[in-house]
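A short worksheet on the structure shown next.
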Amino acid sequence: MKWPFSLFQTKDRDLNGNRFHQEYVIERDIIATEKHLKVTASLAAGLRIAEGVAAMPIITGLKSYDDMGRMIRMPVVEGELAERLGQKPNDYMTPIEFVECLTLHAVFDGVGRAYIDRGYRGRIKRLIPIVDGQVRTVRDPETAKVTYSGSIPGIGSVEGLTREDFIEISNPRWDDLEGLDITSEIKKVLGLSMTLEERQVDDGKKKAVRGYITTDLTLGDDAAAAIEEALKDKLPGTPIFDTGANYKSIVPTQAEMELLATRKFLIEEVARAYGIHPIFLAHDAAGQSLTRIADAMDYHVTVTLQPWARRWEQGIAFSMLKPNQFVNLDETQYYRGDLKTIGEYASKALGNNTAWETQNDIRARMGMNPMGGGDELPKRSEAGNGPGNQVRQD
């Protein structure tokens, strides 16, 4: 397979991820084939993960503890944390774009970083994504201290920085300095997917027939050539059958059927590697039905997105939070459009026995304004446990 990146055609290199950035950025060879962007299933997996994480609001605030040691959280909607993480990370990105950008690089390259540009008294002025591999980690062999050095857009050359100067989100770590570069680890699978796709394109060019022309007459060479010349611009390669010959459709060969089966299998392999349910890659794996979309959604939130939400929370807490502050990515917002699930939850939360949410709590989850009298927990009636025992809401 020939790529239009002649710079790398004779070099045996890992073209993606941290290892590429760290080992070859000095040579300024920062062009990669980016196979994950050329394989539809891989691209879709990364997009679903990034979009899912970005759909969760980032809630920050203050935390304290009661006499029982239970955490009490008080969200704060103003201040530099709320502004940078929930309103305006920098001068050119929305919060969703910022989270999607870092998450995509974490999924495909192993790590997504953003420099925390601090001003007077450590005030956070902006968050600058580092997406071109211009920052690398270095470990001191004597002290084992890890520092960051390189070039940051709008800042210039830096060295001796620590992780507290960055928001860093990574894949699960095989070693302690970088996240696992899944794209490089499955490059054979991605390469095979691309090869099969190109083969199908080539087969389509060779075998595709738009239609055919029949005639009961017998055509001579000159007549056939004249018809072919007349059709070459609008119907190139159209078969012509004379003397009443019949045309039959071409049945796919066994090899072509195996090709399709292999491509479906490769979609499942990509889904396994990126930890995403195949149904979110528009693949009906193992005969699964879209009637089970609710189960697939639960899988997506709990198995695929929740680990990424925890990575974001801890990455933010490591570099941006004080001991009395907290951060939370609200996974419940992912069900905001699922009115059935929200309704079932609200019914239980308002409680026929013991309620744990108020009406305004439920309304806030649905993006609705609070209502008067909606901040009190529903109370049980005093009619006992008989059939007449109903919830009374004040």
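The values are calculated or read from the model by the stated rules, or taken from the named source; none is laboratory data. Predicted model only: the values in this text are computed from it and were never measured. Every residue, glycine as well, gets a Cβ built from its backbone with ideal geometry; the counts of neighbours run over all protein chains shown. These area figures cover heavy atoms from the full protein model, side chains too; ligands, DNA and RNA do not enter into them. Shrake-Rupley method; radii C 1.70, N 1.55, O 1.52, S 1.80 Å.
Given the residues ARG70, ARG48, ARG84, which is the only one that is among the basic types (Lys, Arg), surrounded by 18 or more Cβ atoms within 10 Å (Cβ to Cβ) and more than 30 Å from ALA273 (Cβ to Cβ)?
On inspection, the qualifying residue turns out to be ARG84.
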Residue list for segment 152-178, filter: open to solvent by 40 Å² or more (accessible area, probe 1.4 Å) and either of a type in the set (S, T, N, Q) or in a strand (DSSP E or B) (or both): SER157, GLU159, GLY160, THR162, ARG173
Test: residue in segment 88-106 that is open to solvent by 20 Å² or more (accessible area, probe 1.4 Å), on the phi > 0 side of the Ramachandran plot, at pLDDT below 95 and not charged (D, E, K, R): no
Filter pass, LEU127 being open to solvent by less than 60 Å² (accessible area, probe 1.4 Å) and either under 21 Å from GLY156 (Cβ atoms) or over 24 Å from the mean Cα position of the chain (by Cα) (or both): yes
Within segment 82-91, considering residues that are in contact with a strand residue (DSSP E or B) (Cβ under 8 Å, 6 or more places away or on another chain) and part of a helix (DSSP H, G or I), the one farthest from LEU321 (Cα to Cα): GLY86
Residue that is farther than 26 Å from GLU185 by Cβ and modelled with pLDDT of 75 or more, where the choices are ASP216, ASP222, ASP242: ASP222
Residues that are within 9 Å of ALA50 (Cα to Cα), touching a residue at least 60 places away in the same chain (Cβ under 8 Å) and hydrophobic (A, V, I, L, M, F, W, C), drawn from segment 88-111: VAL99, LEU102, VAL107
Residues (in contact with a Ser or Thr (Cβ under 7 Å, 6 or more places away or on another chain) and not hydrophobic (A, V, I, L, M, F, W, C)) located in segment 112-136: GLY112, GLN134, ARG136
Tally, over segment 130-150, of residues that are loosely packed, with under 15 Cβ neighbours inside 10 Å, more than 19 Å from ASP175 (Cα to Cα) and at pLDDT below 90: 1
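This table checks each residue for (1) part of a helix (DSSP H, G or I); (2) over 22 Å from PHE166 (Cα atoms).
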{"site": "SER64", "(1), (2)": "no, yes"}
{"site": "GLY69", "(1), (2)": "no, yes"}
{"site": "ILE72", "(1), (2)": "no, yes"}
{"site": "MET93", "(1), (2)": "no, no"}
{"site": "GLU100", "(1), (2)": "yes, no"}
{"site": "ARG113", "(1), (2)": "no, no"}
{"site": "ASP117", "(1), (2)": "no, no"}
{"site": "PRO141", "(1), (2)": "no, yes"}
Test set (1) open to solvent by 40 Å² or more (accessible area, probe 1.4 Å); (2) at pLDDT 70 or above; (3) more than 30 Å from GLY86 (Cα to Cα) - ILE186 fails condition number: (1)
